[in-house]
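All remarks here apply to the structure that follows.
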Amino acid sequence: MSTPNRHVAILAYDQLCMFEFGIAVEIFGLPRPEFADLDWYSYEIVGIEPGPYRSTGGITVEATHDLSRLEHAGLIVVPGWRGAKQPVPAPLVDALRATHARGARIATLCSGVFVPAGAGLLSGRRATTHWRYAETLRTDYPDITVEPDILYVEDGSLLTAAGSAAGIDLCLHIVRQDFGAQVANTVARRLVLPAHREGGQAQYVARPVPRERRGRIGPLLDTLRARLDEDWSIARMADLARLSERTLIRHFNDGTGLSPLHWLIAERVERCKELLETTELDLDAIATTTGFRTQETLRHHFRARTGVSPTIFRRSFGKAA
């Protein structure tokens, strides 16, 4: 098997969005001595034009390399672009097309999606972006299937994230794919973040949960996570939270963007992933531990949420892999 290309090229340009740029540098460029035994990422800052570059907030950035370095990258990260209506320079279009054609992944954060869109790489594919830009993306590029309400989308070797913080989720997703759950969890812990948010989760909640109500939902979520193996009906959840069933459902939707049962299924699938990656438990034991009860139920929900069977997932990300 060929050695994976762990070299990351982070693009830089005038009017650079610093938050998304910082996300990419933090996750892929920070020294990580705790992973000394891994083939961890190397990275370069690649300028798309002569610098230095003026970023948001009055910060100046200088790139260490030019577009010729993209031919060495296995992953190209595009931070927020300088404007949804700003054209993508022809040299960048050519470089991205050539790099993608030879198999490199391209990950965009927030409005960075307009770069591969402008290069024609997202034609016929699914993508997301910040909810403020979703309609512009859909209108200007009608051949792209825009999914405006979720955190990130992976369509082959093209990965797109929604607004700002969702870029962290996408980058952690990439780390999880490349190195497994335990390594991704370590990176997230250093960032003081939850280890994983499902890509299909809502970008934002329309009405934040009031503080006095959050106090009831928060402990309930913790209890459910700790006791996934038990049977949880809406009635039992409502009783534990001391809420009516209707109120419980409303608070769940407000606080998580999901119904109670959909949230529970998502948590059980995430626990399945962890067990498939880090243990040698058989599917019967995993089904029991996660509350799915049977292999058939586990397989159904696992495939529905991940697109692959538990067996294929373990083969790709398990201890043996």
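The values are calculated or read from the model by the stated rules, or taken from the named source; none is laboratory data. Everything numeric in this text was worked out from a predicted model, so none of it was measured. Note that we place each Cβ from the backbone using ideal geometry, even for glycine, and neighbour counts take in every protein chain shown. The area values use the complete protein model at the heavy-atom level, side chains included, leaving out ligands, DNA and RNA. Shrake-Rupley method; radii C 1.70, N 1.55, O 1.52, S 1.80 Å.
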Margin query: I'd like the Karplus ³J(HN,Hα) series for segment 292-301: coefficients 6.51, -1.76, 1.60, θ = phi - 60°, whole numbers in Hz, and an x wherever there's a Gly or Pro.
Written below: 6, 6, 10, 4, 4, 5, 4, 4, 4, 6
Next item on the list: For segment 114-175, just say rounded, prolate or oblate: build the C-alpha gyration tensor, square-root its eigenvalues into a ≥ b ≥ c, call rounded for a/c under 1.5, and beyond that prolate if a/b exceeds b/c, oblate if not.
Entry: oblate
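Longest exposed-loop-site-free stretch of the chain, with chymotrypsin sites (Phe, Trp or Tyr not before Pro), DSSP loop and at most 16 other Cβ within 10 Å? Show your work: numbers first, answer last.
Values: sites that count: 131, 204.
Segment 1-130 is the longest.
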Next item on the list: Taking DSSP loops as anything outside H, G, I, E and B, show the longest stretch in the chain free of GluC sites (Glu not before Pro) there with at most 10 other beta carbons within 10 Å.
Entry: 63-229
Next item on the list: Calculate one ³J(HN,Hα) per residue across segment 233-247 by plugging θ = phi - 60° into the Karplus curve 6.51 cos²θ - 1.76 cosθ + 1.60, and present them in order as whole Hz with x for glycine and proline.
Entry: 8, 4, 4, 5, 4, 4, 5, 5, 7, 6, 10, 6, 4, 5, 5
Next item on the list: Using only the Cα atoms of segment 70-185, build the gyration tensor, take square roots of its eigenvalues as a ≥ b ≥ c, and label the shape rounded, prolate or oblate: rounded if a/c is under 1.5, else prolate if a/b is larger than b/c, else oblate.
Entry: oblate
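For the chain, which longest stretch is free of loop sites, where a loop site is one of the trypsin sites (Lys or Arg not before Pro) that DSSP puts outside H, G, I, E and B and that has at most 15 other Cβ atoms within 10 Å?
On the way: sites that count: 85, 102, 132, 227, 242, 293, 319.
It runs 133-226.
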Next item on the list: Please work out which option in (1) 62, 45, 37; (2) 64, 58, 39; (3) 49, 42, 41 gives Cα extents along the principal axes in Å calculated from these coordinates, and answer with its label.
Entry: (1)
Notebook entry, point to check: By DSSP, what percent of the beta bridges with both residues in segment 1-112 are antiparallel, rounded to the nearest 5?
Noted result: 10
Item checked: Accessible surface of segment 109-178, 1.4 Å probe, proportion on carbon and sulfur as whole % -> 46
Checklist line | Under the Karplus curve 6.51 cos²θ - 1.76 cosθ + 1.60, θ = phi - 60°, whole-Hz ³J(HN,Hα) for segment 52-61, x wherever Gly or Pro sits | finding: x, 10, 8, 9, 5, x, x, 8, 9, 10
Checklist line | Long-range amide H partners of residue 108 with built H, under 5 Å | finding: 78, 159, 160, 161
Next item on the list: Run the 1.4 Å probe and let me know the accessible area of residue 55, rounded to the nearest 10 Å².
Entry: 10
Next item on the list: Quote the convex hull volume per residue of segment 1-157, based on C-alpha atoms, as a whole number of Å³.
Entry: 122
Item checked: Accessible area per residue, Å², segment 213-315 with all protein chains present, probe 1.4 Å -> 52
Notebook entry, point to check: For 251, 65, 262, what's the largest-to-smallest order of accessible area, 1.4 Å probe?
Noted result: 262, 65, 251
